[in-house]
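Everything on this sheet refers to the single structure shown next.
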Amino acid sequence: MVILINPPFIDKKSTHYQLFEKNKYPNPALTIFAGMFHNLNIPYLCIDAKLEALTFQNVLSRINERLNGKQPTIIGVTNSNTTLIDYDLDFIGRLKRHYPETPIVIGGPHVSALPEETLGKCKELDVVCKFEGTETLIELYDFYNSRKEIQNLNDIRGIAFRELKNGTIINNPNRPKGKVSSLALCRSRWEDFPKADTYYIFTAIGCPYQCSYCFNMTQRSFGVKPVDVVIDELNYLINHNGMKYFTFADATFGVNRNHTKNLLQMMIDKGISEKANWECFTRVDVIDEELVSLMKKAGCRTIALGLESGSEKVLRRAHKNTNIEKIFRAVKVVKDYGMLCRCFIIFGHIGETKEDIKKTMDLTVKLNPDEIAVGVMTPWPGTEVYELAVKKEEGFELITNDYKKYDKYFGEAMVNRNISLKELNSFRNEIYLRLYLQNRRYRDFLKFVWINRKPIFRKAKSLLLFNLSGKEI
Ligand code: B12
Ligand code: SF4
């Protein structure tokens, strides 16, 4: 029996937890693995402890109920991001005490980038799966279950593991790039998860681009799910879970234009667009009038675009492969079709100056998107930004290995010698204020102030004390 777990949330004060609590969703990796094991007739149990708000004890009871005290063949743990890694490794440490005979495997973006460090940190962890994990997990299952195909862990590409004899950490080569496994493009098995607030549904896996600040989980491979499989998932969630709103969670929606158009047309033909609305993330150079018009007819209500910067120089250096003209065109078409336009922006890009940030602000005010989400550059392991920060280049310097501090809302993971964190955060406030006030969006402005009332109050207090005592607190 394979057990797959999305570990419980521990830090209930974190931004991750608060965002998740507002909009709970089944973990995408678990839904795909469930689909895969179901299709292959391999016994499995998925436990999404975050979705179900389970404690460590609840997780143990679930496993024991199913296994009647027997040891599982393998336990797989998913780690969604760097910020959560130390909690997840801690969870593995506790789990191993209850299942000493069972190999424990972890997968996800952070461990794909730092497999050896991860194994070094957690002695209870046996294997790290690097990058896309479906075929790797099947090979691991074969090895631990029967050794029919795989007799030696050295023969499994895409893993790092600890040798049982002497504890040496071995990092095998990655799996070949170029193609996303058909196993990862299977029907996600929503049946194994309780109803949720929202659903992250994939029409494709991977992203063919390589932006400097983003960790590419498939090493730039890209593959699409068959249209009928996506339609089947949508129908299931609408009919059984009462889904009315969802997200197409592809890293970049619409990369394969023909596939996307076929899917959208099918959603219209099957009446799905009348039963559920959706949103997606995409690039400014992927959408145009033809696609956006079809997306709207198929039920799309919000398009989130990676604007990132208003400086051509910064966009080039980030290998974003877009430009201001394309940004203008994309935002205009989304707004012309009456859809909600959300733009993602980062402050603190490689080589970015204060003048570049001002250009981003000016552009944002001019574009006047409905929503913006502005983050401070975070060096996610495995990205170019991270490598520069490790090597102390381009003014970046990694200042902590405390992964709990890797959070785009705080930006405390590295120092940026070009622009201080204080300045970056103050630019972050300024862009919201300028967007709302210069565009006379007073209601949005009041909403922003209300949501951010605590940090704003703290800042006002420190300025007041500064004026009274001469010292800023
Ligand atoms: C959709 C998405 C989201 C969704 C939810 C995703 C989720 N898993 O919970 C939303 C919009 C909520 C989101 C939010 C955030 N995201 Co996001 N997101 C993505 C995106 C575009 C796709 C991820 C995904 O679900 N893919 C499909 C699933 C199936 O893939 P997967 O989870 O990676 O699993 C595969 C492998 O990792 C592996 N695997 C995973 N688990 C296991 C377990 C075992 C046992 C094995 C063997 C293998 C294995 O096999 C799986 C199948 O191939 C990626 C970019 C990308 N191209 O991957 C960024 C990405 C994962 N996100 C990222 C980040 C940083 C965030 C945020 C922290 C941003 C923020 N707000 O600051 C938040 C955190 C929210 C959270 N609690 O996770 C980073 C993570 C980098 C890092 N080192 O942490 C990525 C890589 C993008 C980037 N900027 O580089 N995200
Ligand atoms: S930022 Fe978007 S386009 Fe760039 S690599 Fe990441 S997912 Fe792909």
inquiry  = What FRET efficiency comes out for E21 versus K391 if R0 is 35 angstrom and r is the Cβ-Cβ distance? Round to the nearest 0.05.
reply    = 0.40
ask   = Based on DSSP, what percent of beta bridges with both residues in the chain are antiparallel, to the nearest 5?
value = 25 percent
ask   = Taking N as the number of residues in region 205-280, what is its Cα Rg relative to 2.2 N^0.38 Å?
value = 1.21
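Against the empirical 2.2 N^0.38 Å scaling, what ratio does the C-alpha Rg of region 2-171 come to? If you can, show how the numbers build up before the last one.
Details: Rg = 15.2 Å, N = 170, 2.2 N^0.38 = 15.5 Å.
That works out to 0.98 for region 2-171.
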remark   = Ranked from fewest to most other Cβ atoms within 10 Å of their own Cβ, D86, D126 fall in the order D86, D126
query = Hey, with R₀ at 25 Å, roughly what FRET efficiency would K297 and A373 work out to, going by the Cβ-Cβ distance, to 0.05?
reply = 0.40
query = Using only helices, what value at 222 nm comes out for the chain when you add -39,500 (n - 2.57) per DSSP H run of length 4 or more and divide by the total residues, to the nearest 500 deg cm²/dmol?
reply = -12500 deg cm²/dmol
inquiry  = With an 8 Å Cα cut-off and a minimum separation of 6 or more residues, compute the relative contact order for the chain in percent.
reply    = 11 percent
ask   = Label-point separation (nm) for D90 and R417, each offset 7 Å from Cα along Cα-to-Cβ?
value = 3.5 nm
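Set the Förster radius R0 to 30 Å, insert the Cβ-Cβ distance between K177 and F328 as r into 1/(1 + (r/R0)^6), and round the FRET efficiency to 0.05. Before the final figure, lay out the partial values.
Working: r = 34 Å, r/R0 = 1.13.
So, using R0 = 30 Å, E works out to roughly 0.35.
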ask   = Based on the Kirkwood radius over alpha-carbon pairs, what is the Stokes-Einstein translational diffusion coefficient of region 294-377 at 10 °C with 1.306 mPa s viscosity, in µm²/s?
value = 121 µm²/s
key: Cα-centre dipole for the chain with unit charges at Cβ (Lys and Arg positive, Asp and Glu negative), debye to 20   = 1240 debye
ask   = Going by how many other Cβ atoms sit within 10 Å of their own, how do F33, F427 line up, fewest first?
value = F427, F33
task = Evaluate the Debye formula for region 198-469 with equal point scatterers sitting on the alpha carbons, no solvent, and hand back log10 of I(q)/I(0) at q = 0.07 Å⁻¹, in q order, two decimals.
result = -0.29
remark   = Projecting the Cα atoms of P173, I150, N27 onto the charge dipole of the chain, where Lys and Arg contribute +1 and Asp and Glu -1 at Cβ, the residue farthest towards the positive end is N27
query = Put +1 on the Cβ of every Lys and Arg and -1 on every Asp and Glu Cβ in region 204-295; which of Y236, F246, P208 then has its Cα farthest towards the positive end of the dipole?
reply = P208
inquiry  = Using a 7 Å offset from Cα along Cα-Cβ at E355, what residues in region 418-460 end up with backbone N under 12 Å from the label point?
reply    = none
task = Describe numerically, in nm with one decimal, the distance between label points set 7 Å from Cα along Cα→Cβ at K454 and at Y442.
result = 2.9 nm
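What are the semi-axes of the equivalent ellipsoid for the chain, taken as the square roots of 5 times the Cα gyration tensor eigenvalues, largest first, in whole Å?
37, 29, 22
If you take every residue apart from R329 with its C-beta less than 10 Å away from the C-beta of R329, what net charge results, scoring Lys and Arg +1 and Asp and Glu -1?
My count for the surroundings of R329 gives -2.
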query = Relative contact order for region 2-171 using alpha-carbon pairs under 8 Å, separation at least 6, rounded to a whole percent?
reply = 19 percent
remark   = Length gained, D402-K121, 0.36 nm per residue minus C-alpha separation, equals 99.9 nm
ask   = Looking at region 198-469, what % of its DSSP beta bridges pair antiparallel, to the nearest 5?
value = 20 percent
Where labels lie 7 Å past Cα in the beta-carbon direction, separation of Q71 and D11 in nm = 3.4 nm
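Bear in mind that the values in this text are calculations on the coordinates, not laboratory data. Treat the numbers as computed from the prediction; the structure is a model and nothing was measured. Please note: Cβ atoms are built from the backbone with ideal geometry, for glycine as well, and neighbour counts cover all protein chains shown.
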